[in-house]
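**Student:** Starting off with a structure, shown below.
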Amino acid sequence: MTSTAVGTNDATAHTGLSVRGLDVDRGGRRVVRGVDLDVAPGEIVALLGPNGAGRSSTIETLAGLLPASGGTYTCDGAALLGLRPEAIRRAGVATVLSNHRVLGGLSVRDNLLAAAGATGRERDDRVLDAIRTFPELDAHLARTAKTLSGGQQQMLALGQALVCRPRYLVIDEMSHGLAPAIVARLLEVLRQVSATGVGILLVEQFANVALRLADRAVVMSRGHVVHHGPSSRYLDDPDLLHRLYLGLDAEPGGAGEPDEPAGDQKS
Ligand SMILES: Nc1ncnc2c1ncn2[C@@H]1O[C@H](COP(=O)(O)OP(=O)(O)OP(=O)(O)O)[C@@H](O)[C@H]1O
Ligand SMILES: [Mg+2]
């Protein structure tokens, strides 16, 4: 078991990650529309949706990498919208993006040290904690990160998030291109981390993988939240997500606005 327990010296009440009415524009179009999300301490929430639903745009905004056009975003009561990525990290929210790249020219140890956001003994303790969480990295601490396998690099990427001792983890498509055994290992770590009280918002390409781990799911389509409920609801009715992805079965009030014009391509 890891000692990733976080916030132990923090007097702030851990009331959760809360997003209300989030709007995000990209390329002159609104791609996230009035999104509400909650993640309680220790809770795992899967953020699901078809391609282009707006999940990554939501995650990147929560990381401070994209500006929001409207809404609120708080972590344990502290307002985070508009803050820079480092400030959001310091406030307790660490993000692993789908295109996260470790610092390939640096050693594994230096990657962890660089991400630790602390100095001296505290920094060393944090790195030791990350290595306890991923003992697989222990034998490779002196290697340059670019020589690691894809799976090891993803462990390092998650280690870089954990080394900040976050109270909330926000993860976009962590398992992309990885072997099932590695994915299972990463999920096991997320389960351990959530058991220490860390809240996790998880975007995952395979919905069932996310649902088996998550307590709840929030489903987005065309920028809106169209459904939410306990994971069991989607696992028990495998066709529900399919219907939601096709634009059927949206909850009353969450059905969204008319389709965007064609030409909906990433730049
Ligand atoms: N850099 C960008 N510039 C302009 N529009 C973008 C950009 N990135 C994404 N979009 C658009 O924003 C909308 C939401 O995309 P987003 O990547 O957030 O969705 P997603 O749910 O993560 O889907 P997927 O991961 O399958 O691509 C889409 O219409 C997409 O084309
Ligand atoms: Mg995405």
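**Student:** Out of contact with any Pro (no Cβ under 9 Å at 6 or more places or on another chain), at pLDDT 95 or above and under 22 Å from S175 (Cα atoms) - does that describe any residue in the stretch 99-108?
**Tutor:** Within the stretch 99-108 (the criterion being out of contact with any Pro (no Cβ under 9 Å at 6 or more places or on another chain), at pLDDT 95 or above and under 22 Å from S175 (Cα atoms)), the answer is yes, since at least one residue qualifies.
Here's the yes/no breakdown for (1) more than 16 Å from ligand 1 (Cβ to nearest atom); (2) aromatic (F, W, Y); (3) touching a helix residue (DSSP H, G or I) at 6+ places or on another chain (Cβ under 9 Å):
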| residue | (1), (2), (3) |
| --- | --- |
| R101 | yes, no, yes |
| A139 | yes, no, no |
| I171 | no, no, yes |
| V193 | yes, no, yes |
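**Student:** Out of R216, R165, R185, I need the residue that is in contact with a Pro (Cβ under 7 Å, 6 or more places away or on another chain), in contact (Cβ under 8 Å) with a residue 24 or more places away in the chain and either more than 16 Å from ligand 2 (Cβ to nearest atom) or among the β-branched types (V, I, T) (or both). Which one?
**Tutor:** On inspection, the qualifying residue turns out to be R216.
**Student:** Please pick out the residue among L156, L201, L162 that is within 16 Å of ligand 1 (Cβ to nearest atom), within 22 Å of L97 (Cβ to Cβ) and surrounded by 14 or more Cβ atoms within 10 Å (Cβ to Cβ).
**Tutor:** L201
**Student:** Here is a further query. Checking V193 against (1) within 20 Å of T61 (Cα to Cα); (2) in a helix (DSSP H, G or I); (3) of a type in the set (V, I, T): exactly one of these is not met. Which one?
**Tutor:** So V193 meets the others, but not (1).
**Student:** Right, here's the next one. Looking at the stretch 220-243, which of its residues are under 25 Å from E188 (Cβ atoms) and crowded, with 20+ Cβ neighbours inside 10 Å?
**Tutor:** Passing the criteria: S231, Y234, L241.
The values are calculated or read from the model by the stated rules, or taken from the named source; none is laboratory data. Keep in mind the model is a prediction, meaning the values are calculated, not measured. Ideal geometry is used to build each Cβ from the backbone, glycine not excepted, and the neighbour counts take in all protein chains shown.
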